[in-house]
Structures are given as structure tokens and as C-alpha cells.
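Remarks on the structure that follows.
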Amino acid sequence: MAGVVAVAAESLAGGRARAARTVLDQVVLPGEELLLPEQEDAEGPGGTGERPLRLNAGVRARVRVVCGPGLRRCGDRLLVTKCGRLRYKEPGGSGGGGGVYWVDSQQKRYVPVKGDHVIGIVTAKSGDIFKVDVGGSEPASLSYLAFEGATKRNRPNVQVGDLIYGQFVVANKDMEPEMVCIDSCGRANGMGVIGQDGLLFKVTLGLIRKLLAPDCEILQEVGKLYPLEIVFGMNGRIWVKAKTIQQTLILANILEACEHMTADQRKQIFSRLAES
Amino acid sequence: MEGVMQTDAKMRTESGAESSPRAPGCSLRHFACEQNLLSRPDGSASFLQGDTSVLAGVYGPAEVKVSKEIFNKATLEVILRPKIGLPGVAEKSRERLIRNTCEAVVLGALHPRTSITVVLQVVSDAGSLLACCLNAACMALVDAGVPMRALFCGVTCALDSEGTLVLDPTAKQEKEARAILTFALDSVERKLLMSTTKGLYSDAELQQCLAAAQAASQHVFRFYRESLQRRYSKS
């Protein structure tokens, strides 16, 4: 038994929490604990009990850190609950201290989050509300008054099977999710029923985030290929419409394949399509 | 102990042991794991230990029937299908063991009134089947993005008639053993999550097997880490 294994010096989170700063952009696994910056100072050099003498002992400035997806608070530390790369965003502007930590993971299943814009499919009309399938564990409810210019007399023209682009106003683990197709000012702002034709297909959540990032070149290149209309839902659904069915299908295939292609392969494919 | 790594396009393999012949009592068979290989489930993984191979798919958090919903946590279901024949009582008991292990580790309180389903298909059985099922289930849960408070792994020990301990036994070694013990260990402090044993063994032997399993689980967790790092390094 003693000869079993030359136990490697690294242990998989074997009781030793690491500082979050040192693990940025690395892959973290569920179960790891991360220390926040202020706590590292408390641990001290070697933690042998020697601490620098402070004049105002007992008063330590606390920094508020926001715990994003994939992380949970566990006492004073952050517990990683999903596998992925650890990311950090500096606090912008004057007030908010601490910044945001989150884990970038690859997932297919969507969990409703308040404020997310999603594409849903109307599955039922019951009384005053529509039931909309958004890909989560429950269908979301959408009131018929939550459209621009809708009143009790002037009902929106929504049928079962229509595509809806809206945002969540209520989305937590305890309640049924609710969505609306107007913003806080009462204007549609692009939301509502998505028009006829076009193609709806599903991709992973990570790809949607990548495509919606501010500096994404894929979208610009796709726009140069054909004129198109495109709607991204944070629940992994994309609706795309081009002039002909063939172009629509080509665009759908390109977007689905983008996940696995490197930038060079993508450029090759785009140049080949542009020629033909 | 060196690990031989071959990076193919899709297969992520690592040898967690010396190559044949195995030193008695001390080594695990060759591991391999592949993730995200099925298109329908939210997460999927295939785990190979020597010649034993299990394919796992995870669906969730998804809709649950009102009769099965739990108001404050997720309903976890495990379905194990044998390679041939209809599932029987042995599969039911293994499903329960795997389900208890998963429930201890998955943060079900974050998704109340939903269901998380783990479907396991035995592709080939050459010993240590339950441990391979546990490993495949863990990798599939990670692939699906189900929130967990730790990773877990399964390790099987066999005690033969002379009292020699063999880790990760083959089917032949299992048949000749006097006792077979399977443990599920978690990754944070290598605590015991589940144990199931068959046969005759003494108290001291149980402790010895448990200690050997804990030492072996380090290899498995290191393999998990390398496998997941390779997956995320591509994007």
C-alpha cells in the first residue's frame, strides 16, 4: 500500500484554497475554493501568526465582490460549482468596488435569468396569458397586455406556434418565469412577434455569448455575405432570414459550425462562398 | 508513475498506470474519456477503464411530472441499461447507489421543481462496472453544467483468498475474489460518499481497501482535470 503511488505534490483542491487572482483565465473544477484578495492579506506571509501591526486593528475595509454564474459564496470564500474558465471584470467607474468573478462554461441547457432577451415559441393560449416555451424547465408566461399598444380591446395577433422575442421580468428558481415584449418605457424596442419565414435553430449558450460580444468579427463577415435579418436569443436560439431559402440554410450552417472552427477555417469558407 | 498521453482529435486518453503487467495491488487500468459526444442530451460522456466502457447522458434541469416534483430541490433520476437484456434488480440497485452518490454532490437546491436525469448505457463490461458508471456519470454531469459542490469518482477493490488487494479488477479477478468493495469518493477531501461491498472481509481489510481507494482516486481526479483542461483549451 505504501508503494501505491508517488503522490504528486499537487492535490486536487485538497483542502488548500487558492487565491482567485492566481487562477484567472484557467480552468477551474467544481469543488475548488477560491480566496478573495482581502483574505490573502489576512493569511499573511506563511500564516505563522506574525502579522504586521495595524494602528486601526479590527477595522478592515471590505470590498464587495459580485459572484457570477458558476460560483457560490461559501463562508468567506467562493466555491466553484461549474467547470470552466475563471474570469474577472474590473469595477468600472467610481463607485462599485471589487468587480465581478464568474466561470465561463460551455452549456446547452438554458436557465432563465431576469433581464435576458430570449426567443420563445408560443405553446398555449389560456385566458389572458400565453404559455411560451423558452427551453428552460418550465414554460414562461406572457400576458397579452405586455405588447406595445395592446389594450383589453386591442389584443395582439399571436397564435400558437408563433415565435416571440421578449425579455424576462421575473426569473428565479422559486417562481414560474414571466416575460414581456415591452421595455420599462412601454416601447417594443425590437421585441414582439417575429415575422414570417426564416429559420430557427439551436446552438450552445457559449456560442451566443461569443457572437454577441462587442468585438465579434463573425457577424460582420456574415453581414457582408448576404443581406439578412437575424435575432439572437440568450437561450441558445437563433432566428435567421435571408432572401432565398438556400441562403438561409447556408447561414444557419455557418453559424452552427462557427463553434468548432478556427478563425482561419472560417475565413476560408467565407471567401469560398463570396466567390460563388 | 508516468502517464502516457496521446492527443487525438477527439479521444482524450491518459494511462493512469504502468503498462502491462500490472504490479499486484497497486495500479489502475488505462483510462479514456470523451465528452460532448451525443447531440441530444444536455451533457454526455463516455468513460473507458481498460475494456469496461460506459456511455452516460444527462438531461436537465428539465420539466418534471407533478407527481415526482420536490418543492425545494431537483429530482434526480438515474437509468442504467445493461448491454443485453432488460434491466433487472441488479440494475435497479446500482441505479439507487449512483443516485445517492449524485444527490450528495449535485446542488439540487438551486433548481427546485425540476428533474435531472442521468442515463447510463453499458457498452462493455470487463470488471469494475459500478466504478466506471460513477465516473461516466460525473463527467456527464460536469459536461451538462449541472452545479455541483465537488467531483466524485468510483474505485473498485478486490480481495483474493490470500488477502492481496487488487485495484480496478478485471472480470476474471472479480470472479476469483473473495470480496469486492466499491467506493465513491469526493474530490474535496476524498471523503467517502458511497460504499457497496460483496463477500467476506475483516475490519482491517476494509480500512486497508479504503485507504488504497483514496490514494487511487487521486489519479482519477488528476485525469479528470487534464481531460477538462484539454477540452477548454480548444475554445
Inset, instruction - Extending each Cα 7 Å along its Cβ direction at residue B:191 and residue A:265, get the distance between those two points in nm, one decimal. - result: 4.4 nm
Legend entry - Dipole in debye (nearest 20) - region B:31-233, about Cα centre, beta carbon charges: Lys, Arg +1; Asp, Glu -1: 500 debye
Legend entry - Within chain B, helix-based [θ] at 222 nm, where runs of 4 or more DSSP H residues each add -39,500 (n - 2.57), nearest 500: -10000 deg cm²/dmol
Inset, instruction - Please work out the FRET efficiency for the pair residue A:189 and residue A:124, using the Cβ-Cβ distance as r and a Förster radius of 35 Å; give the result to the nearest 0.05. - result: 0.85
Legend entry - Heavy atoms of residue B:224 accessible to a 1.4 Å probe, total area in Å² rounded to 10: 0 Å²
Inset, instruction - Can you tell me the equivalent ellipsoid semi-axes for the protein assembly as shown? Use √(5λ) from the Cα gyration tensor, largest first, whole Å. - result: 44, 29, 24
Inset, instruction - Calculate what fraction, in whole %, of the accessible area of region A:116-193 sits on carbon and sulfur atoms when a 1.4 Å probe is rolled over the protein chains. - result: 48 percent
Legend entry - Kirkwood Rh in Å, taken over region B:31-233 so that all alpha-carbon pairs contribute: 17.2 Å
Legend entry - Hits among lysines - C-alpha to C-alpha of residue A:267 under 29 Å, sequence gap 8 or more where chains match: A:108, A:202, A:210, A:224, A:241, A:243, B:10, B:234
Legend entry - Antiparallel DSSP beta bridges within region B:31-233, as percent of all bridges there, nearest 5: 85 percent
Legend entry - Per-residue SASA entry for residue B:110, accessible area with 1.4 Å probe, Å² rounded to 10: 40 Å²
Inset, instruction - Roll a 1.4 Å probe over the protein chains and send me the accessible area per residue for the protein assembly as shown in Å². - result: 51 Å²
Legend entry - Burial of 20 Å² or greater, region A:101-134 residues [accessible area, probe 1.4 Å, versus chain by itself]: A:106, A:107, A:108, A:109, A:111
Inset, instruction - Enumerate the aspartates and glutamates that residue A:114 could reach by cross-link, defined here as Cα to Cα under 19 Å, with residues fewer than 8 away along the same chain left out. - result: A:104, A:133, A:138, A:174, A:176, A:178, A:183
Legend entry - Filtered GluC sites (Glu not before Pro), region B:85-165: DSSP coil and at most 10 other beta carbons within 10 Å: B:162
Legend entry - For chain B: relative contact order, % (alpha-carbon pairs under 8 angstrom, 6 or more apart): 19 percent
Inset, instruction - Run through the DSSP bridge list for region A:111-236 and note the antiparallel percent, rounded to the nearest 5. - result: 90 percent
Legend entry - Cα-centred dipole magnitude for region A:199-275, charges only on beta-carbon of K, R (+1) and D, E (-1), debye, nearest 20: 200 debye
Legend entry - Per-selection Kirkwood Rh - region A:116-193 (Cα, Å, 1 d.p.): 12.3 Å
Legend entry - Between B and A, accessible area buried - total, square angstrom, nearest 100, 1.4 angstrom probe: 3500 Å²
Legend entry - Cα centre as origin, Lys/Arg/Asp/Glu Cβ charges: the protein assembly as shown dipole, Debye: 960 debye
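The values are calculated or read from the model by the stated rules, or taken from the named source; none is laboratory data. Worth saying up front: this structure is predicted, and the values here are computed from it rather than measured. Counting neighbours? That spans all protein chains shown, and the Cβs are built from the backbone with ideal geometry, glycine included. Please note that ligands, DNA and RNA were not included when accessible areas were found on the heavy atoms of the full protein model with its side chains. Shrake-Rupley method; radii C 1.70, N 1.55, O 1.52, S 1.80 Å.
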